[in-house]
Structures are given as structure tokens and as C-alpha cells.
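The values are calculated or read from the model by the stated rules, or taken from the named source; none is laboratory data. Worth saying up front: this structure is predicted, and the values here are computed from it rather than measured. Positions of Cβ are backbone-derived with ideal geometry, glycine not excepted, and every protein chain shown enters the neighbour counts. Only protein heavy atoms, including side chains, enter the accessible area calculation; ligands, DNA and RNA are left aside. Shrake-Rupley method; radii C 1.70, N 1.55, O 1.52, S 1.80 Å.
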Amino acid sequence: MAETIYRGYVVNKYPFQVFDEIVTFLIENGRKIPCLSRGSRKIESKNARNLFIGSYVEFQIFQSRSDDKISRLKKSNTIKSIDWNYETIESFNLLNECATVTNVKGKELYTFYQDNLEMIQKQTFNDKIIVLVILRQFLKISGVMLEVNRCVKCGSNKIKTISFKEHGLLCNLCFDSKNDKFYELPISKAIHYLFNNQYDKLNGYLHEIDFLIKLIRIYTEDNLGIKLKTLAGY
């Protein structure tokens, strides 16, 4: 195995055997590198203190020579640490889950992770609003969008409701009461603001926010085939 040094974020880790872990790093070109970390679950492990999820680290690995074999972590050093308490924050867990499960690759994934991590750390919005923002951005980088500025069928501006089946807003004429589910105006407005990146206006819809998260979670599952465990309670 050849030794290689990278820099990136720790986005996932899970136990392997008694004292080992599988750790996944996200590097600047958007590539995810899973590594076997020997002994990092031991209290005295030097690597353990440098493998908090969300931390930006420099890590050295023994690079696997084939795609069907995992690389092995030699050592890691924290460049920018993150408090372990972040692992109790819903938006933080969602961000790392999205980065782990997606098939999206490239700079776009890295930017998605970096920008949303910064938003979480700065506490730019209420945490549940940040959850919605992450979902919206996750759909965007995955190529899934809603038409939220006009009727998705005819282009009319006289909107009646949002249709997840039709991937956008529907007007009175295009709404089919037999086949389309009706959502009250506040739901349609909130989704309009969300998908137009007007996140600050979501503060006016905090009473609806749990329902909004549920709707976008289901829409994500239906269109990407990804069940987000972080949001299973919605």
C-alpha cells in the first residue's frame, strides 16, 4: 500500500470489530474516502481525538491498490476542531448523513457540506429552519427541484396549492381535487420561500415547520430513494 496525505472533513464513522472504526472523510474535490482506523475506539488512541465528526483534519492513509479493498488510516491531525456536542444537533447530524449517503460527487458536494456546516456553526437560523435548508440544498445538488414561482402545468400566477406529485405549484384550473392533495396556503408559501432561498422568511412559519420537514423528507425519499434516519421521527 502506498502512503498518501489528504485534507478533509470527517463525515461518518461506525464501529468495526472490537476497537476499530470505519471512518469516512470528504476531501476538497468532493471525493469520499472510507478508511479502516485501527484501535481508534481505545481510550488511549491518538487518532481518536482527531476523528470527531465535522472536524477538518489532515490524514495519512495507506492507499488501497484496488477499489474493492478499503484504505487504512495511519494517522490524523486536527486542523479545525468541532465541539463533540454538535453531535446532539439535528441539522448537524442530517448534514453528515446527507454527505455520507449521497451518490453526488465533485466540488458541488464539498461546497454543500462546507457552506451548511458554517451555517450550523454560526446558528444563522433556527435549527429546524436549517434542517429545511439542508434538505432543499440536498435536493438541488441531486438534480431535483420544485417549480415554486408559477403553476407547473400552465404557468399561471393564480396559485391554489403545492403538488409534490407534479413537482410544483398548481393554479385553480390545473388542480384536480380527485387526484391532487390540497395543502393550505401557508404551506405553499413557506415552500415558495424555501425553494427561492428566502430562508429568513421561514421564521413566520414556525408553527408549520415540523409538518414542512415531514413533507420535504417524504419528497426526498420518493425522488432520491434515500431514507434519512436523522428525520425518521417526522
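Taking each DSSP H run with n ≥ 4 as -39500 (n - 2.57) and averaging over every residue of the chain yields -9500 deg cm²/dmol at 222 nm. Taking a sphere under 13 Å around the Cβ of GLU28 and counting the other residues whose Cβ falls inside, with K and R at +1 and D and E at -1, yields a net charge of +3. Within the accessible surface of segment 149-195, defined with a 1.4 Å probe on protein heavy atoms only, the carbon and sulfur portion equals 48 percent.
For the Cα atoms of the chain, what angle does the longest principal axis make with the long axis of helix 127-141, in degrees from 0 to 90, nearest 10? Between helix and principal axis, roughly 90 degrees. For segment 116-192, the dipole from Cβ point charges (+1 on Lys and Arg, -1 on Asp and Glu) about the Cα centre works out to 140 debye, to the nearest 20.
With a Förster radius of 30 Å, plug the Cβ-Cβ distance of PHE182 and VAL101 into 1/(1 + (r/R0)^6) and report the FRET value to the nearest 0.05. Efficiency, from the Cβ-Cβ distance: 0.40.
Show me the ranking of peptides 173-180, 74-81, 92-99 by mean Cβ neighbours inside 10 Å, starting with the highest.
Details: 173-180: 12.4, 74-81: 15.0, 92-99: 23.6.
Output ranking for 173-180, 74-81, 92-99: 92-99, 74-81, 173-180.
Mind checking the full-extension length gain between GLN123 and PHE62? Use 0.36 nm per residue of separation minus the Cα-Cα distance, one decimal, nm. Value of the extension gain: 18.2 nm.
For a test of the definition: using alpha carbon positions, the gyration tensor, and the 1.5 limit on a/c, classify the chain as rounded, prolate or oblate. Prolate, because a/c is 1.5 or more and a/b exceeds b/c. In this structure the chain gives 53 Å² per residue of accessible area when probed at 1.4 Å with all protein chains present.
All other residues with a Cβ under 12 Å from the Cβ of PRO186 taken together, and with Lys, Arg as +1 and Asp, Glu as -1, what is their net charge? My count for the surroundings of PRO186 gives 0. Taking the longest Cα principal axis of the chain as reference, the axis of helix 185-195 is set at about 40 degrees.
Between 0 and 90 degrees, the angle of helix 107-122 with respect to the longest Cα principal axis of the chain falls at about 80 degrees. Here the translational diffusion coefficient of segment 1-136 follows from Stokes-Einstein with Rh set to the Kirkwood radius across Cα pairs; for 4 °C and 1.567 mPa s it amounts to 85 µm²/s. Taking Cβ atoms as reference points and 9 Å as the exclusive limit, the residues near GLU90 contribute a net charge of 0, counting Lys and Arg as +1 and Asp and Glu as -1. A straight line joining the Cα centroids of segment 78-117 and segment 202-222 runs 20 Å. Share of segment 1-119's accessible area from carbon and sulfur, percent, 1.4 Å? Solvent-exposed carbon and sulfur of segment 1-119 make up 49 percent of the total.
In a fully extended conformation the segment linking CYS154 and ASN197 would gain 13.1 nm over its present Cα-Cα distance, using 0.36 nm per residue. Among the GluC sites (Glu not before Pro) in segment 169-234, those located in a DSSP loop and surrounded by at most 12 other Cβ atoms within 10 Å of their own Cβ are GLU184.
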